[in-house]
Structure formats: structure tokens, C-alpha cells
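*Asks:* My questions all concern the structure below.
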Amino acid sequence: MGDNTNTLPTALDAEFDNSITPNIMPLSNGHCRSLSSTVDETNELLCGPSPQGSAIDSNGGNTSEGIISLAERLTNQRWHEIGNDPSPQLQATSDFQTMVHQLASVLAFRIRELLIHRMVVSARKSASCRGSSGSFNGSGNHHPDPTLEYLHLDDNLGDYVLSPSIQTSIEEYVASIGKLHHSVGFHSFEHCTHVTLSMNKLLSMVTTVDDLNVTAKRRISSHEATRRGSSESTTSEPGSVYDRQRAYHLSFGISEDPFLRFAMVFSSLIHDVGHVGVPNSVLVEEEHELAILYNDVSVAEQNSLQVAFSLLQQEKFQLLKRCIGPTPEERKFFRKKVIGMVMV
């Protein structure tokens with residue numbers, strides 16, 4: 001995987017004590033859920049206190065709810081259960097539409113996590129400006145958050161969900177990527193599905209492991225301080241700046257960067273698209289047209305990246321592209337990370 005330095009300020013809060021916990025959090029048993037505290041805090045910052053929302057039905061009641069539920073169920077599987085669940089929605093399959101639904105739900109889950117993070121960061125900045133100047137922009141009016149173009153508050157769920165246009169765009173993009181996979185022995189759409197779902201699970205496990213490591217290291221450090229007779233401890237309470245910094249470094253920044261997490265899931269989705277089913281060495285040896293095009297260097301990988309980003313450049317996916325990266329700088333960051341991960 002490529003380095004994750006020079007993360008954009010829009011992807012990470014500059015100050016640890018002002019950053020929020022990602023919207024997808026581990027439960028005590030290692031499972032993931034959607035945090036109602038995130039939507040409550042965001043609403044209060046944007047437009048005052050909001051009423052309590054209803055819990056998410058695990059069976060899924062509408063489109064948004066069904067997407068969230070499917071993604072959570074896929075994420076909450078134990079590692080050895082991935083692809084082995086008896087439920088038709090979760091088990092490994094060669095059915096194209098089922099794979100598209102699985103991948104689209106996970107991609108939507110991660111991009112929603114990113115958008116809510118951006119929205120809360122924006123709301124905090126606006127609230128800070130309002131506190132210092134008496135208004136958002138000095139005139140008593142506040143500028144609408146551009147993130148709200150892609151999210152809306154679902155009254156039934158009591159939480160933010162992706163807009164129908166973004167949900168549709170994600171589904172169409174995943175389906176297009178699936179159709180661009182060749183029917184080959186290994187580098188197939190089935191392989192893509194397994195890798196992407198596994199990456200999504202690994203990312204949820206990174207957050208859980210970070211929490212356990214931070215707690216364990218805090219206890220060890222406290223024990224050392226006691227053993228040495230020191231009245232001062234180098235540790236702090238859970239959720240402190242110290243904990244956030246340590247969690248950040250333990251995961252190489254992944255636990256605090258929803259943009260990077262989305263890039264990792266996206267990279268898994270597109271890493272083999274267009275693969276012709278033979279190794280790069282064979283393509284080079286046979287002087288295949290792709291080897292000629294990419295100068296014998298990482299032929300299959302460069303081809304997959306070209307296919308995926310060319311697809312994202314199409315007019316019908318411009319809304320999705322802007323949702324992923326609202327600014328040229330963010331899109332450049334995203335592209336750099338995806339290229340680094342696929343080419344590694």
C-alpha cells in the first residue's frame with residue numbers, strides 16, 4: 001500500500017482534540033454500527049437540537065435502510081464467515097446482481113462515513129466562526145454545506161443516508177466495473193467481490209484492534225509508573241488526545257482517515273478490472289498490445305487503473321466523482337492513493 005502522509009485537511013481534522021470518532025464504530029463484541037451521536041451532534045451544530053431518531057431495522061425497510069443493513073451485516077461477519085454465511089444476501093455467489101448489491105452497499109457505507117465526517121468537520125468550523133464573529137459569515141447567514149447535496153436526513157432512520165442519486169450512481173458504477181471484468185480463471189468479478197468484502201472487514205478490525213491496543217498500552221504504562229513509584233502517569237483517560245494520537249500511529253493513520261478507508265475499498269473493487277487472465281511476464285513475453293501500451297511495466301495494474309478512472313470520468317458519473325472528491329486537490333489525493341495501492 002502507498003504511503004498515507006500529507007493527508008488533506010478535509011480528510012482529517014488538523015487537531016486531534018477537535019476530531020470526531022468515525023461514524024462506523026466497533027461494538028464491544030467487535031461488530032459495527034451506525035452512531036446516532038454523530039447525527040445528533042451534526043444536527044445541533046447545523047440547525048439546533050434534533051428529536052431522537054428511530055433505530056435501524058436489522059431487516060431493512062426501505063432502500064436506504066436496506067443498504068445500511070446489508071453493509072452492516074457484511075461488515076459484522078467474523079473473518080472465517082466471509083462468503084460462508086447461509087443467507088443468500090451474504091454468501092459467496094456467482095450471481096452478478098447479488099455481487100453488485102454486496103459491493104455497492106459496502107462502497108455506499110464507506111462513502112457515507114466519509115461524507116458525515118466532512119459534514120461534522122464543516123459544521124464545527126462554521127460553529128467556531130460563528131462563536132468568534134457572532135454569525136457564520138458576519139452577516140447573520142450561513143453558507144449551505146455542500147455535503148448536503150449527497151446526504152439527506154431520513155426521518156424513519158433518524159440518521160443521514162446517501163441521496164438516491166448517489167446510491168444509484170454507486171450501483172451503476174459497480175455494475176459497470178463488474179461487466180468490465182473478463183471471464184477468466186482467477187482475476188474475475190467473483191475474486192473482486194471476495195477481495196473487496198475482505199478489505200472492508202479488515203478495516204473494521206483495524207479500528208477494533210486499535211481500541212484494544214490503546215487500552216492495553218495504557219494499562220501497561222500505568223503499571224510501569226506504579227512499579228517505579230512515580231505519582232505521574234504518562235497515560236490519560238479514554239478518548240483523550242493521547243489515545244487518539246496513539247490510535248492514529250498504531251494504524252498508520254487509517255483509523256482516523258475515512259477518506260483513506262474509502263480509497264482502500266475502492267482500490268479493492270477496481271484492482272483487477274480488465275485483467276486478461278495471464279501474468280504480466282506472459283504479456284511482456286508475448287508482446288501483448290497492453291505490454292506495448294504500458295512499456296512492459298506493471299501492465300495489468302496500469303490497465304486496471306486506466307479502465308477504472310476512465311469510467312469515473314464519464315459524464316454519468318460526474319456526480320459520484322465530485323462526491324468522492326469535491327475539489328481538484330482531493331481528487332488528486334484520492335487518485336494518488338488508489339494508484340499507490342493498486343501498483344504496490
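*Asks:* Please give, to one decimal in nm, the separation of the simple spin-label points placed at THR98 and ARG335, each 7 Å out from Cα toward the Cβ.
*Replies:* For the pair THR98/ARG335, the computed spacing is 3.8 nm.
*Asks:* List the residues, sorted by chain then number, that are 5 or more residues from ASP159 or on another chain and whose placed amide H is less than 5 Å from its amide H.
*Replies:* Those lying under 5 Å, H to H, from ASP159 are ASP154.
*Asks:* For the range 306-318, just list the computed ³J(HN,Hα) in residue order, Karplus coefficients 6.51, -1.76 and 1.60, θ = phi - 60°, integers in Hz, with x standing in for Gly and Pro.
*Replies:* 5, 5, 5, 6, 5, 5, 5, 7, 5, 4, 5, 10, 5
*Asks:* Rolling a 1.4 angstrom probe over the protein heavy atoms, how many square angstrom per residue are accessible across the range 301-344?
*Replies:* Heavy-atom SASA per residue in the range 301-344 reads 49 Å².
*Asks:* In what sequence, largest accessible area first, do THR93, THR168, THR147 appear using a 1.4 Å probe?
*Replies:* Details: THR93 45, THR168 70, THR147 15 Å².
From most accessible down to least: THR168, THR93, THR147.
The values are calculated or read from the model by the stated rules, or taken from the named source; none is laboratory data. Bear in mind that the values here come from a model prediction, so they are computed numbers and not experimental data. Quick reminder, even Gly has a Cβ in these numbers, built from the backbone with ideal geometry, and neighbours come from all protein chains shown. These area figures cover heavy atoms from the full protein model, side chains too; ligands, DNA and RNA do not enter into them. Shrake-Rupley method; radii C 1.70, N 1.55, O 1.52, S 1.80 Å.
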